[in-house]
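Read through the structure below, which is laid out as structure tokens, and then see the notes.
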Amino acid sequence: MGADQNLDWTKAAASALDWWHDAGVDVVVGDDGFAWLDSAARQLAARQAVRPAVAEVAPASDALPENATAFAAWRIGEAAPEARWGGGAIAASGPADAELMVFVDCPERDDRELLMEGEVGRLFERMLAAIGRSRADTALASVCVRRPTTGRVPRETEARLGEIARHHVGLAAPKRLLVMGDAASRAILTMNVADARGRFHTLNHKNGRVTQVVASHHPRFLLDRPAAKAEAWKDLLLLTGEVES
């Protein structure tokens, strides 16, 4: 292993420790790596007593590409709802077969090539590092591929963008999905974060696969309200199976 790689791991570890400190973590909750499939089995047993909310993935009212590659091209093309908004479109990133997918509302003001590049992105990366993940193994997408003028998902296109977002998740079919912020939560779960937090939601896809969804605060919100980092940490533990809903 080269010196640069050692340095990268050192920075990642320090970043994760910073996030844990900000979130109020002062004890070690586990020394082993996260066993995603094992934790899913434990959660299935727990759900025998308490059934989670179930959201069926509805088909889009207008035909959308059923092939992941074709959809990716369509999403940033001229047929997408945001095509005439102005500004550059920012495509989803990360592995197509990632176990974990994250959905946010829209690009940040300073984003150029990737979603969440600036200060918001640095906090997001610390959150991923705190659960042993990184951008390299996490799929990241947004409800809007271009930034709206107001910085908020327009109400008049919210329903259509929600259909597109759910279609996107259906094509990717990740094991876990983290929706961050009210707009992303409404698009996928049709409810705000305050109502969706604290439990798993299930998306049943047309291909028979299932995605477990956790809602949490957007990193942008956490920068404005640092006290909410403790709540976000609980959401991350739920996502990884370290705590049960």
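The values are calculated or read from the model by the stated rules, or taken from the named source; none is laboratory data. Here the structure is a predicted model, which means the values were calculated and not measured. With ideal geometry, Cβ positions are generated from the backbone for all residues, glycine too; neighbour counts draw on all protein chains shown. Just so you know, the surface numbers come from the protein's heavy atoms only, side chains and all, with ligands and any DNA or RNA stripped out. Shrake-Rupley method; radii C 1.70, N 1.55, O 1.52, S 1.80 Å.
Observations
- Intensity falloff of the range 170-245 expressed as log10 I(q)/I(0), Debye formula with alpha-carbon point scatterers, at q = 0.15, 0.20, 0.22, 0.25 Å⁻¹: -0.49, -0.83, -0.97, -1.18
- Within the full protein context, the accessible area of H168 is estimated at about 30 Å² for a probe radius of 1.4 Å.
- Between A63 and E242, the FRET efficiency estimated from the beta carbon spacing at R0 = 41 angstrom works out to 0.50.
- Accessible-area rank, largest first, for W85, W19, W233: W85, W233, W19, with all protein chains present and a 1.4 angstrom probe.
- Separation of the range 76-111 from the range 197-223 is 18 Å, based on Cα centroids.
- Nearest-20 debye value, the range 61-206 charge dipole, Cβ charges on Lys, Arg, Asp, Glu: 300 debye
- With contacts taken as Cα pairs under 8 Å and at least 6 residues apart, the range 96-239 reaches a relative contact order of 25 percent.
- For the range 114-245: rounded, prolate or oblate by the Cα gyration tensor [a/c cutoff 1.5]: rounded
- When the alpha carbon gyration tensor of the range 108-168 is reduced to an equivalent ellipsoid, the three semi-axes, largest first, read 24, 15, 9 Å.
- The Cα atoms of the range 70-153 give a gyration tensor whose axes a ≥ b ≥ c have a/c of 1.5 or more with a/b no greater than b/c, which makes the shape oblate.
- The A96 and N204 beta-carbon pair, evaluated with R₀ = 22 Å, returns a calculated FRET efficiency of approximately 0.60.
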